[in-house]
Every structure is written in C-alpha cells, then in structure tokens.
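The values are calculated or read from the model by the stated rules, or taken from the named source; none is laboratory data. The shown structure was predicted, so the numbers you read here are calculated from the model rather than taken from an experiment. Here the Cβ positions follow ideal geometry from the backbone for every residue, glycine too, while neighbour counts run over all protein chains shown. Calculation scope for accessible area: heavy atoms of the full protein, side chains included, ligands and nucleic acids excluded. Shrake-Rupley method; radii C 1.70, N 1.55, O 1.52, S 1.80 Å.
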Amino acid sequence: MPEDPIHHIDFDELSSRAISQPLVTHIYTADPSAHVFGGKIYIYPSHDIDAGDAFDDLGSHFAMEDYHVLSMNSPEDTTAEDHGIALEVQDVPWAAKQMWAPDAAEKDGTYYLFFPAKDKEDIFRIGVASSQSPAGPFTPEPEAIRGSFSIDPAVFKNDDGEYYMYFGGIWGGQLQRWRTGKFNAADEQSPFAHLPMDHEPALCPKVARLTRNLLEFDETPRDVKILDENGVLLLQGDRERRFFEASWMHQYNGKYYFSYSTGDTHFICYATGDNPYGPFTYAGRILEPVVGWTSHHSIIEFQKKWYLFYHDSSLSKGVTHLRSIKITELFYDENGSIKTIAPYSGNP
Ligand code: FUB
C-alpha cells in the first residue's frame, strides 16, 4: 500500500472545516443507506468495530458483526437516534463474518434488510431479513439469496412497483472472481487477480429485479453498463470514473441516477439513464474524497429537498475502518446535473 497520508493531518483543524459533523458518536457507523419510511428518516449503516484485524487490500479489517438502525425526524437534526442491535451475524445461519454495507426496503408494511456477509467458505453472499418495524429487530432468512454474490446491495423501488437490487464491489468485494459466472478461488489473497486489464472494459456492477416477496432474484443478474460521452463502456484503467463499489439508485425529474464509489480514487460519481437497467452515461462527481480510504453514500428526497448521506473517518482521526455517518444537502443545476460537494471547506 502507498504511504498512509493521515499522519500528516491535523484532525481538529480538519473537523473545524468539515461541512457536517457525525450523526452519532457513541459508535462508529459507515455506508449509510437512508430511506424515508412513514415521514421519518431511517438510516441503515454498517456498524464499524475494531476487531484487531490488520489493514489489507481485501478489507479484512472491516470485520463488522452486527447492524444498528438509526433514525432522524428531520435532516436538520444534529444527531440520530440509535435503535440498538437490529441483526447480529451469529443469528444468521448461513453467514460467518464481515457484515458490510446494508440497505433496506418496505413493501406492504413489512421492512426488509438486505446485507452482505461472508459465508462459511469465505465467499460474500447477500442475505435478507425482515421485520414489522423499520427499526428492527430483523429475522433473517435461513439461506442467502440464491445466485447472490459480492457486496453492497442497494434496493430501489421503481415507480411501476417493481424492486431492483444493484450490487457488487471489486477487490475485497470479490466481484472480479465471478467473471465466468462461477466463483474463482485461485489467488485468493490478491485483490488484483482476475481484474480486467487497464485497456479492457471495467467490471460492471449488477442489477436484478426482485421477486414479489423481495426474498429472491427474479432473474439472472445483469450488467449495469456505465458509458463514457462517446457511448463506450468505461475502461478498467479509467480509475477516476470506473465502478468500484457502493451502488445507489435514485430518480430525479424522470431520469435514473446510478451513483457509486470509485474506490481507490475515492470519488462518489454518478451516471444517468432512462430506465432501471441502463445503460447509464457518466455524468460527474457527487462527492470529493473524504478522510479515510472508503467513500459510500445514499441520496434521498425529504420535503422537496435532496440530501446526501456519506461517511468519513475524521472522528477516529483517520482510522480507515472506524467511520462516522454524516448528512449534507445536495443540489442540482437547471439541467439536472448534481453539484459536486467538497466535504471540507478551504483547501483539502
Ligand atoms: O464497510 C465495508 C465496505 O467498505 C463497504 O461494503 C464498502 O462499500 C466500503 O464502504
């Protein structure tokens, strides 16, 4: 890994320039998936802990064991309420470890928590758990979703009533191991094995329509194609624009906005399209790099204003796997382009 630049940062000075402060400080939280349920904002984050695992490019240091649900009455709230443990890895029959970025959806009064975790063979799968309350606790299904793989599920309800799951993440998220349709276990300690060459198209995130009970894929996952301004798939070497992880989907003025993290270049970017499957054309950056290695977000509309939920590692003074969720308002210009957000005022 390159030298970690965080030792040169004055975190008190940085926090004074941050455009937002952590929404909770009693635990570390990350990967905030926010939704408005019953007029209130519910946030489904990862619950970061320090389990003592060393930093590596496979993300072994992200050794999370449970989820907490948070809520806010309004985006103006400076803190979020913690509803306690909503699901623990020990209660999920198929899962062994690493409960990474989750998401949630509501249908017919039932709430569904979608979450990735490594199974007993060290393969990331995506599971579902349900509850009668948006705050949980959630009861897991005994098996992971059939045909699921990789990480970072984001579930989008389309205006025709169908639900779609976007997912995937490279390196530790294992998406590159599924290029042939089967899990490739060779070179398992390398996050770079099985990736395309720089001149080849980048790996695509995946999308699958869910069954009516939201417990299964209703189709084989398809590629989410992200194209450049010439209609060509983004290349693997285009590291400031290509997909890495952290899918999110929202709609604005009838357009579909697929947003994601570029991982090792640390941007949150977006691409727009005309339907939930895409293709999507790259449209720009939403968020400049935050303190910490990862960047992960969600976007919601609340009372006709738009908000970005995101995280950084400023509270932990730069510890990569101890992050804190934040919120800031998001603005569009008259053409529907999202205005890029700088997470700290002044010079980075
Ligand atoms: O929280 C663990 C992983 O870090 C997430 O799944 C990724 O999106 C990154 O934020």
Inset, instruction - Select from region 224-260 the residues that are over 17 Å from the mean Cα position of the chain (by Cα) and among the acidic types (Asp, Glu) and write down the one among them that is farthest from MET197 (Cα to Cα). - result: GLU229
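Does ARG242 meet the test of being assigned to a loop (DSSP other than H, G, I, E, B) and within 16 Å of the ligand (Cβ to nearest atom)?
On the way: assigned to a loop (DSSP other than H, G, I, E, B): yes; within 16 Å of the ligand (Cβ to nearest atom): yes.
Judged against the criteria, ARG242 is a match.
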Legend entry - Residue count, region 294-316 (criterion: open to solvent by less than 50 Å² (accessible area, probe 1.4 Å) and either more than 19 Å from THR340 (Cα to Cα) or out of contact with any Phe, Trp or Tyr (no Cβ under 8 Å at 6 or more places or on another chain) (or both)): 11
Legend entry - Residues (open to solvent by 10 Å² or more (accessible area, probe 1.4 Å) and either charged (D, E, K, R) or without any contact (Cβ under 8 Å) to a residue 40 or more places away in the chain (or both)) located in region 238-252: ASP238, ARG239, GLU240, ARG241, GLU245
Legend entry - Hits in region 141-166 (condition: assigned to a strand (DSSP E or B), of a type outside the set (Ser, Thr, Tyr) and more than 15 Å from LEU215 (Cβ to Cβ)): ALA154, PHE156, LYS157
Legend entry - 1 or more residues of a type in the set (Val, Ile, Thr): qualifying strands (runs of 3 or more DSSP E) within region 1-110: 28-37, 40-48, 66-72, 81-88
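Please state which one of ASP187, ASP160 is on the phi > 0 side of the Ramachandran plot, surrounded by fewer than 23 Cβ atoms within 10 Å (Cβ to Cβ) and either touching a helix residue (DSSP H, G or I) at 6+ places or on another chain (Cβ under 9 Å) or charged (D, E, K, R) (or both).
Values: ASP160 fails: on the phi > 0 side of the Ramachandran plot.
After ruling out the rest, the residue left standing is ASP187.
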Inset, instruction - Name the single residue, out of those in region 54-100 being open to solvent by 70 Å² or more (accessible area, probe 1.4 Å) and at pLDDT below 95, that is nearest to the ligand (Cβ to nearest atom). - result: PHE55
